[in-house]
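Q: Here's a structure for you.
The values are calculated or read from the model by the stated rules, or taken from the named source; none is laboratory data. Keep in mind the model is a prediction, meaning the values are calculated, not measured. Ideal geometry is used to build each Cβ from the backbone, glycine not excepted, and the neighbour counts take in all protein chains shown. Just the protein is used for accessible areas: all its heavy atoms, side chains included, with ligands, DNA and RNA removed. Shrake-Rupley method; radii C 1.70, N 1.55, O 1.52, S 1.80 Å.
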Amino acid sequence: MSLQNASTKGSKVGFVSLGCPKALVDSERILTQLRVEGYDLVQTYEEADVVVVNTCGFIDAAVAESLDAIGEAMAENGKVIVTGCLGKRSEIIREAYPDVLAISGPQDYASVMEAVHAALPPMHDPFTDLLPAPRRLGEGEIEGVGIKLTPKHYAYLKISEGCNHRCSFCIIPSMRGDLVSRPVDEVLREAEKLARGGVKELLVVSQDTSAYGVDLKYAPRPWRDGLYETRMKALCEGLSQLGVWTRLHYVYPYPHVDDVIPLMAEGKLLPYLDIPFQHASPRILRLMKRPGAVDKTLERIQRWRAICPQLTIRSTFIVGFPGETEAEFEELLDFLDAAQLDRVGAFAYSPVDGAAANALPDPVPEDVKQERLARFMERQAAISEARLAAKVGTVQQVLVDAIDGELAIARSMADAPEIDGLVQVQDGREAGLKPGEFARVRIMGSDAHDLYGEVEYDA
């Protein structure tokens with residue numbers, strides 16, 4: 001496994017980062033602190049004096065991946081510190097690997113550093129420790145922000161921890177706790193430093209972006225020459241001043257989501273919403289403890305698109321939830337037809353240890369879940385293919401991620417990194433495009449996932 005790497009005078013730490021973008025931000029903060037304290041970040045198990053594994057534990061597949069990563073680190077190195085979501089279920093880790101050095105939960109940076117100090121005690125020099133040491137920025141580091149594990153041109157901006165919802169299929173609150181929002185001025189200052197450091201796209205992440213600031217009673221804070229409330233709309237208004245793409249993820253469908261659509265129509269915010277609707281049957285949504293007014297959801301989608309026609313909507317769904325009937329699954333397919341969502345992910349329900357949904361009656365047989373998942377994805381693929389085909393002939397602004405042979409691999413405003421499609425620019429190398437640059441591309445073709453085009457030159 002490749003390690004994300006940061007010596008206290010020769011002490012070397014290897015780092016394995018697993019899980020979602022929120023966990024990636026946790027990894028960036030730990031790595032930044034390691035580098036601040038002088039530890040070297042290294043690329044292989046052989047070089048490392050100790051290895052930190054930041055785990056995921058949301059679903060069974062993530063637990064298995066995390067345990068495999070811990071096992072590999074133990075076999076290849078033997079000195080392993082475990083942190084992250086799976087750390088909240090330490091008994092699982094101790095049962096499999098009783099000799100790990102320490103275990104801590106998510107965003108518990110102090111415990112991770114204590115464990116690193118115990119394994120690799122800092123070497124103090126009484127003649128130099130009191131002097132401020134000049135420090136050059138390392139690879140992937142941005143002045144005033146720290147280490148970023150993403151490419152230089154985009155970064156995740158985490159605005160809160162935890163979640164106040166108690167969705168029956170989810171155990172995130174038991175791992176990350178209730179909602180704790182960062183003050184809006186703190187978030188805006190970080191975003192400003194990222195933009196100054198060359199970041200072209202900010203991806204706003206949290207467990208529930210729509211609820212941002214409710215725990216702080218939307219307290220106003222000063223930034224630049226204004227006063228901004230700690231709430232989603234005000235945050236977006238502040239971010240719009242930075243001149244970079246801003247993309248909203250993990251947006252819970254509260255009514256006040258309507259407030260940010262005009263900002264998208266005005267070009268102040270990327271016209272992109274990541275809203276996990278999860279299902280379309282009112283009864284299943286109630287069992288999930290999710291909002292169940294499906295007709296109102298469709299009305300809002302129509303209203304959003306009337307205000308901002310270029311809006312891209314991404315969502316995720318669960319099929320085969322306990323008790324889901326064939327008729328209720330058909331309701332979900334009908335919702336896809338009506339909503340015409342641009343980007344959709346789905347997975348078959350699987351029990352998560354500790355989730356309330358495990359106690360629900362009438363579990364759906366595994367073969368039925370997989371059959372429904374295949375039908376769901378087939379239906380959505382046709383919708384996606386048609387919506388992308390409608391873009392053929394248009395000119396799209398794209399952000400270049402990489403050069404691959406003669407191609408530039410880029411993304412449009414409708415494409416978040418890692419989870420959405422791509423724009424393959426056929427003459428990207430010939431046009432001299434470089435990662436992190438914007439370009440205008442005329443779309444020449446499409447499929448169910450990606451767009452294909454050529455650089456559009458000014459007349």
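Q: Looking at region 284-302 only, could you name the residues that are farther than 30 Å from Gln396 by Cβ, part of a helix (DSSP H, G or I) and touching a helix residue (DSSP H, G or I) at 6+ places or on another chain (Cβ under 7 Å)? Please lay out each step first, then the result.
A: Taking region 284-302 first, the residues farther than 30 Å from Gln396 by Cβ are 284-296.
Add one more test, that the residue is part of a helix (DSSP H, G or I), and what stays is 284-288, 294-296.
Ile284, Val294, listed by residue number.
Conditions (1) open to solvent by 10 Å² or more (accessible area, probe 1.4 Å); (2) at pLDDT below 95; (3) aromatic (Phe, Trp, Tyr), marked per residue:
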| position | (1), (2), (3) |
| --- | --- |
| Lys152 | yes, yes, no |
| Gly162 | no, yes, no |
| His165 | yes, yes, no |
| Pro173 | yes, yes, no |
| Gly177 | yes, yes, no |
| Arg182 | yes, no, no |
| Glu186 | yes, no, no |
| Gly197 | yes, yes, no |
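Q: State whether one or more residues within region 129-141 are in a loop (DSSP other than H, G, I, E, B) and either modelled with pLDDT of 90 or more or open to solvent by less than 20 Å² (accessible area, probe 1.4 Å) (or both).
A: First, pick out the residues of region 129-141 that are in a loop (DSSP other than H, G, I, E, B): 129-140.
If we keep only those that are either modelled with pLDDT of 90 or more or open to solvent by less than 20 Å² (accessible area, probe 1.4 Å) (or both) as well, we get none.
Checked region 129-141: no residue is in a loop (DSSP other than H, G, I, E, B) and either modelled with pLDDT of 90 or more or open to solvent by less than 20 Å² (accessible area, probe 1.4 Å) (or both).
Q: Return the only residue of Ala191, Ala195, Ala155 being of a type in the set (Gly, Ala, Ser), under 20 Å from the mean Cα position of the chain (by Cα) and not in a helix (DSSP H, G or I).
A: Working: Ala191 fails: not in a helix (DSSP H, G or I); Ala195 fails: not in a helix (DSSP H, G or I).
Checking each option against the conditions leaves just Ala155.
Q: Hey, can you tell me all the residues within region 83-123 that are among the small types (Gly, Ala, Ser) and either over 21 Å from the mean Cα position of the chain (by Cα) or farther than 24 Å from Ser206 by Cβ (or both)?
A: Looking only at region 83-123, we keep the residues that are among the small types (Gly, Ala, Ser), and these are 84, 87, 90, 96, 102, 104-105, 110-111, 115, 118-119.
Residues satisfying the conditions are Ser90, Ala96, Ala102, Ser104, Ala110, Ser111, Ala115, Ala118, Ala119.
Q: Given region 204-273, what strands (runs of 3 or more DSSP E) lie entirely inside it while holding 1 or more residues that are open to solvent by 40 Å² or more (accessible area, probe 1.4 Å)?
A: Numbers: elements: 220-223, 226-229, 245-248.
It comes to 220-223, 226-229.
Q: A further question follows. Please go through region 397-445 and give me each residue that is in a loop (DSSP other than H, G, I, E, B) and among the aromatic types (Phe, Trp, Tyr), ordered by number. Outline the logic, then answer.
A: Taking region 397-445 and keeping what is in a loop (DSSP other than H, G, I, E, B), we get 405-406, 413-422, 426-437.
Once the filter is applied, which keeps residues that are in a loop (DSSP other than H, G, I, E, B) and among the aromatic types (Phe, Trp, Tyr), region 397-445 yields nothing.
Q: Could you please give the count of residues in region 334-384 that are assigned to a loop (DSSP other than H, G, I, E, B) and either open to solvent by 30 Å² or more (accessible area, probe 1.4 Å) or polar (S, T, N, Q) (or both)? Steps first, please.
A: The initial filter retains those residues of region 334-384 that are assigned to a loop (DSSP other than H, G, I, E, B), namely 340-342, 349-355, 360-365.
Next cut, either open to solvent by 30 Å² or more (accessible area, probe 1.4 Å) or polar (S, T, N, Q) (or both) only: 340, 350-351, 353-354, 360-363, 365.
Count: 10.
Q: Also, quick follow-up: Anything in region 8-21 that is open to solvent by less than 10 Å² (accessible area, probe 1.4 Å) and among the hydrophobic types (A, V, I, L, M, F, W, C)? List them, or say none.
A: Val13, Phe15, Val16
Q: Hey, among the residues in region 1-59 that are more than 19 Å from Gly87 (Cβ to Cβ) and of a type in the set (Phe, Trp, Tyr), which one's modelled with the lowest pLDDT?
A: Let us first name the residues in region 1-59 that are more than 19 Å from Gly87 (Cβ to Cβ), namely 2, 5-12, 32, 35-49.
Still in the running and of a type in the set (Phe, Trp, Tyr): 39, 45.
Numbers: Tyr39: 91, Tyr45: 95.
Going through the qualifying residues, I end up with Tyr39.
Q: Does Glu192 satisfy being of a type in the set (Asp, Glu) and either open to solvent by 30 Å² or more (accessible area, probe 1.4 Å) or closer than 25 Å to Ser104 by Cβ (or both)? Write out each step before concluding.
A: On the way: of a type in the set (Asp, Glu): yes; either open to solvent by 30 Å² or more (accessible area, probe 1.4 Å) or closer than 25 Å to Ser104 by Cβ (or both): yes.
Answer is yes for this residue.
Each row is one residue, and each column tells you yes or no for (1) among the small types (Gly, Ala, Ser); (2) surrounded by 16 or more Cβ atoms within 10 Å (Cβ to Cβ); (3) in a loop (DSSP other than H, G, I, E, B); (4) out of contact with any Gly (no Cβ under 6 Å at 6 or more places or on another chain).
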{"position": "Trp304", "(1), (2), (3), (4)": "no, yes, no, yes"}
{"position": "Gln310", "(1), (2), (3), (4)": "no, no, yes, yes"}
{"position": "Glu324", "(1), (2), (3), (4)": "no, yes, yes, yes"}
{"position": "Lys391", "(1), (2), (3), (4)": "no, yes, yes, yes"}
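Q: Something else about it: Please count how many residues of region 428-459 are modelled with pLDDT of 95 or more, farther than 23 Å from Tyr154 by Cβ and charged (D, E, K, R).
A: Residues that pass the stated criteria total 2.
Q: Return the pair list, or none, for Cβ contacts closer than 7 Å from residues in region 19-43 that are over 18 Å from Val187 (Cα atoms) and among the aromatic types (Phe, Trp, Tyr) to residues that are modelled with pLDDT of 85 or more and part of a loop (DSSP other than H, G, I, E, B), at least 6 apart or on different chains.
A: If the second residue must be modelled with pLDDT of 85 or more and part of a loop (DSSP other than H, G, I, E, B), the pairs left are Tyr39/Ser11.
Q: Can I ask one more? For region 22-45, indicate whether the set of residues that are part of a helix (DSSP H, G or I), open to solvent by less than 30 Å² (accessible area, probe 1.4 Å) and touching a Ser or Thr at 6+ places or on another chain (Cβ under 6 Å) is non-empty. Give the derivation first.
A: Keep residues of region 22-45 that are part of a helix (DSSP H, G or I), which gives 22-36.
The next check asks that each one be open to solvent by less than 30 Å² (accessible area, probe 1.4 Å); those that pass are 22-23, 25-28, 30-32, 34.
From the residues that got through so far, the ones that are touching a Ser or Thr at 6+ places or on another chain (Cβ under 6 Å) too are 27.
Within region 22-45, one or more residues are part of a helix (DSSP H, G or I), open to solvent by less than 30 Å² (accessible area, probe 1.4 Å) and touching a Ser or Thr at 6+ places or on another chain (Cβ under 6 Å).
Q: From Gly436, Gly405, Gly421, grab the single residue that is in contact with a His (Cβ under 8 Å, 6 or more places away or on another chain), farther than 27 Å from Ile275 by Cβ and either open to solvent by 40 Å² or more (accessible area, probe 1.4 Å) or of a type outside the set (Asp, Glu) (or both).
A: Numbers: Gly405 fails: in contact with a His (Cβ under 8 Å, 6 or more places away or on another chain); Gly421 fails: farther than 27 Å from Ile275 by Cβ.
Testing whether each residue is in contact with a His (Cβ under 8 Å, 6 or more places away or on another chain), farther than 27 Å from Ile275 by Cβ and either open to solvent by 40 Å² or more (accessible area, probe 1.4 Å) or of a type outside the set (Asp, Glu) (or both) leaves just Gly436.
Q: Which pairs do you get when a residue that is basic (Lys, Arg), found in region 145-157, comes within reach of a residue that is surrounded by fewer than 18 Cβ atoms within 10 Å (Cβ to Cβ), reach meaning Cβ atoms under 9 angstrom, with the pair 6+ apart or on two chains?
A: Taking only residues 6 or more apart or on different chains, the pairs are Lys148/Gly197; Lys152/Gly197; Lys152/Gly198; Lys152/Pro435; Lys152/Gly436.
Q: On to the next question. Which of the residues spanning region 449-459 are in a loop (DSSP other than H, G, I, E, B), out of contact with any Leu (no Cβ under 7 Å at 6 or more places or on another chain) and open to solvent by less than 80 Å² (accessible area, probe 1.4 Å)? Lay out the reasoning, then the answer.
A: Of the residues in region 449-459, the ones in a loop (DSSP other than H, G, I, E, B) are 449-450, 456-459.
Remaining after also requiring out of contact with any Leu (no Cβ under 7 Å at 6 or more places or on another chain): 449, 456-459.
The answer is Glu456, and nothing else.
Q: Applying the selection to region 82-112, what residues are surrounded by fewer than 21 Cβ atoms within 10 Å (Cβ to Cβ) and part of a strand (DSSP E or B)?
A: Listed by number, the list holds a single entry, Ala102.
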